[in-house]
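Please read the structure below before turning to the comments.
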Amino acid sequence: MHRIFLILLLLVGLTACAVSSGREMMPDELSRLVAGQTTKAEMLAMFGTPTTQGFDANGKTTAYWTYVHSKPPVWTWTPETRTQTLSALFDEKDVLERYILSDNPDAGLRYGK
């Protein structure tokens, strides 16, 4: 009987772990981003290495920083998930042209589509 209780306790403990990837982007950091002034080096210092980046034919770079944090479900079957994606476009001199933040505080998991 005690063995079954310990196994159940262990299983409940394992399912209660939250999972994160990337780094959360805070409002005070985002407020420091200024198009035409902020450099790519400054953004790297703030947010670290981008999750992914690419470039276009004109030599402009786009960098993407992604943060995902998921907690297991407590009373529902859907985990609580927060997803942030910061997309930044830099000119040929690595100066920020524009950026956009997609912030979904409770995205849940979506399968397919």
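The values are calculated or read from the model by the stated rules, or taken from the named source; none is laboratory data. These figures come from a predicted structure and were not determined experimentally. When we count neighbours, we look across all protein chains shown, and the Cβ atoms used for this are built from the backbone with ideal geometry, even at glycine.
Quick one: would you say Ala63 is loosely packed, with under 10 Cβ neighbours inside 10 Å, of a type in the set (A, V, I, L, M) and either at pLDDT 95 or above or at negative phi (or both)? Quick ask: steps written out before the conclusion?
Values: loosely packed, with under 10 Cβ neighbours inside 10 Å: no; of a type in the set (A, V, I, L, M): yes; either at pLDDT 95 or above or at negative phi (or both): yes.
It is false that Ala63 is loosely packed, with under 10 Cβ neighbours inside 10 Å, of a type in the set (A, V, I, L, M) and either at pLDDT 95 or above or at negative phi (or both).
With respect to the conditions (1) among the basic types (Lys, Arg); (2) at pLDDT below 80; (3) surrounded by 10 or more Cβ atoms within 10 Å (Cβ to Cβ), Arg23 lacks only one, and its number is (2).
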